[in-house]
């Protein structure tokens, strides 16, 4: 399907000097890959993107809460049933906790099926006096520190498409085939209930859900309403060639959509107002996210919103704040208050991971669970003080029992990092830490201080 003439060409985008792009030496190979990508079917459909945009409008208005999570950087080797189901199980378990706490629908978006490229702070990496290109994710090059592996390979863009398609297909099969039933969620968390300090809380919640299911059955309600869930994919729209090639024209409306994922975001390093990433994504109809770091000003946020959403369309813009535990309370209030005063209703989401990374004494990059929760609490405190809705959380997590972030109820310390440090980029929360985070967020949503719009009545079926 051809790219609309309303969307800037690749040549026009490259004239804007897009940041964080690989340098391909095989130009003819790149052109052939782009040609092939343009002919491939979309990974997501325009109607699904419209559905998510409507749900994000509910998040912005305080009638829903966003849970967005998954790997820091997906890998081709990670496209396995066990890996995908583990992440889905963790997200669904978190969603159950948040649903019964917030009493509003939880919009579930995976950081999955497309998160194969990563921005880096340096273009190169040096080890033992040898300097090679930095690893930019499996979409660009390999992790092994060899000249052959680190050479950007355009053929990997086709690998991204195939891996994303496999992940989407398997996720859809899981989520529509009974995998997501509440009773299954209870079974998954049996070990968590037994072995985690937060397990007692989850067992209490599980007992409450069981009572709710029994109540519905007694009332003649089919409990299969809890057997399937709506789930959407998301990733940072980083690589120009890939995202441009995956732009399609909707046959219903003749409008362009980014069909590489339902929800696309622009990163902190590539959100320049006159930059190529803003220029490309302002033309597509997907719901969009923008990462806002500690240098963000209210004027910058408003200018980005005006550029990406001149029509003030509900559900179009989500601001994902990633300011760090030490700065969130200083920077966020002015941004939120001025954007709100402008009349805009955007979704406010907290990414408590990226602003809290540090290097442990043993050389491992890590994050402290206490810092993650400190930023989340700061996010909730700011919205509580301003009377605005804290619309969601965006976290890097896995369904495996990795040891990449210190702290949490299992009290991981820096010496534990060597045991199961498996990420190729940034450290992720493991399953127990993810569920513990969900309970702590749930406490903030139910402590009586956070405004809730249109609360759902007890035992009323909601979209889990």
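The values are calculated or read from the model by the stated rules, or taken from the named source; none is laboratory data. None of the values given here were measured: they were computed from a predicted structure. Backbone-built Cβ (ideal geometry, glycine too); neighbour counts: all protein chains shown.
The set of residues in region 99-132 being under 25 Å from residue 398 (Cα atoms) and assigned to a strand (DSSP E or B) consists of 106, 107, 108, 109, 110.
Those strands (runs of 3 or more DSSP E) of region 353-450 in which at least 1 residues are free of Cβ contacts under 8 Å to residues at least 24 places away in the same chain and under 21 Å from residue 143 (Cα atoms), considering only elements entirely within it, cover 357-359. In summary, residue 349 fulfils each of the numbered conditions (1) without any contact (Cβ under 8 Å) to a residue 60 or more places away in the chain; (2) surrounded by 23 or more Cβ atoms within 10 Å (Cβ to Cβ) with the single exception of condition (1).
Here is a yes/no grid of residues against (1) out of contact with any strand residue (DSSP E or B) (no Cβ under 9 Å at 6 or more places or on another chain); (2) farther than 21 Å from residue 353 by Cβ; (3) in a loop (DSSP other than H, G, I, E, B):
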site: 252; (1), (2), (3): yes, yes, yes
site: 273; (1), (2), (3): yes, yes, yes
site: 296; (1), (2), (3): no, no, yes
site: 303; (1), (2), (3): yes, yes, no
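In region 102-122, the count of residues that are more than 24 Å from residue 268 (Cα to Cα) and under 18 Å from the mean Cα position of the chain (by Cα) is one or more.
Condition check for residue 335 on (1) within 26 Å of residue 231 (Cβ to Cβ); (2) in contact with a helix residue (DSSP H, G or I) (Cβ under 6 Å, 6 or more places away or on another chain): one failure, at (1). The single residue among 30, 52 that is at negative phi and either touching a helix residue (DSSP H, G or I) at 6+ places or on another chain (Cβ under 9 Å) or surrounded by fewer than 17 Cβ atoms within 10 Å (Cβ to Cβ) (or both) turns out to be 30. For residue 320, only one of the following conditions fails: (1) in a strand (DSSP E or B); (2) under 20 Å from residue 242 (Cα atoms). What is its number? Residue 320 satisfies all of (1) in a strand (DSSP E or B); (2) under 20 Å from residue 242 (Cα atoms) except (2).
Residue 19 falls short on exactly one of the conditions (1) at pLDDT 95 or above; (2) surrounded by fewer than 19 Cβ atoms within 10 Å (Cβ to Cβ); (3) touching a strand residue (DSSP E or B) at 6+ places or on another chain (Cβ under 7 Å), and that condition is (3).
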